[in-house]
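Step one of this worksheet: look at the structure below.
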Amino acid sequence: MNWIALNKLEQLEKIKNSTDFHIIFKHSTRCPISGMAKRQFELESDLIPRHIPVYYLDLIQYRDISNTVAESWNVRHESPQVLLVQGNTCLYTASHSDIDIAEMLKSL
């Protein structure tokens, strides 16, 4: 799994201004449920087309970025949570046990 650390607000601006697809995985390092969801996501990650960047957001360390994600794509803050976005549009979001890569990819 080639995670891209999401740790700067400037990265969000680039994502929002792009016409490409991006995946953002929000993870709480303190939550065992989030840890299980992350492991399951990694196990299924080979389904994700290689051209789609996958960002990892440690929302404990970068709560301000997590809040900006929620505001920018008009989604409720949850953890764990995955978003598939294209520019300013969130095409798919899910949290906890509802995170399903195959289902998410149907939104492409």
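Here are the numbers for this structure:
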{"read-out": "Scope segment 29-49; condition outside any helix (DSSP H, G or I) and at pLDDT below 95; matching residues", "value": "Thr29, Arg30, Cys31"}
{"read-out": "Qualifying residue in segment 16-27 (condition: within 15 Å of Gln61 (Cα to Cα) and of a type in the set (Phe, Trp, Tyr))", "value": "yes"}
{"read-out": "Qualifying positions in segment 83-100 - touching a Ser or Thr at 6+ places or on another chain (Cβ under 7 Å) and under 11 Å from Phe41 (Cα atoms)", "value": "none"}
{"read-out": "Residue match in segment 7-21 (condition: exposed (fewer than 13 other Cβ atoms within 10 Å of the Cβ) and at pLDDT below 95)", "value": "no"}
{"read-out": "Counted residues, segment 62-93 - those being surrounded by fewer than 13 Cβ atoms within 10 Å (Cβ to Cβ) and either under 20 Å from Asn2 (Cα atoms) or in contact with a Gly (Cβ under 7 Å, 6 or more places away or on another chain) (or both)", "value": "0"}
{"read-out": "Qualifying residue in segment 19-26 (condition: out of contact with any helix residue (DSSP H, G or I) (no Cβ under 8 Å at 6 or more places or on another chain) and assigned to a helix (DSSP H, G or I))", "value": "no"}
{"read-out": "Residues satisfying the stated conditions in segment 70-82, i.e. in contact with a strand residue (DSSP E or B) (Cβ under 6 Å, 6 or more places away or on another chain), over 15 Å from Gln40 (Cβ atoms) and at pLDDT 95 or above", "value": "Trp73, Val75"}
{"read-out": "Selected residue (criterion: farthest from Gly87 (Cα to Cα)) from residues of segment 50-76 that are in a loop (DSSP other than H, G, I, E, B) and of a type in the set (S, T, N, Q)", "value": "Gln61"}
{"read-out": "Where a residue in segment 88-108 is assigned to a helix (DSSP H, G or I) and its partner, wherever it lies, is of a type in the set (S, T, N, Q), with Cβ under 8 Å and at least six apart", "value": "Ile101/Ser45"}
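The values are calculated or read from the model by the stated rules, or taken from the named source; none is laboratory data. Note that this is a predicted model, so its numbers are computed, not measured. Every residue, glycine among them, receives a Cβ derived from its backbone with ideal geometry; neighbour counts consider all protein chains shown.
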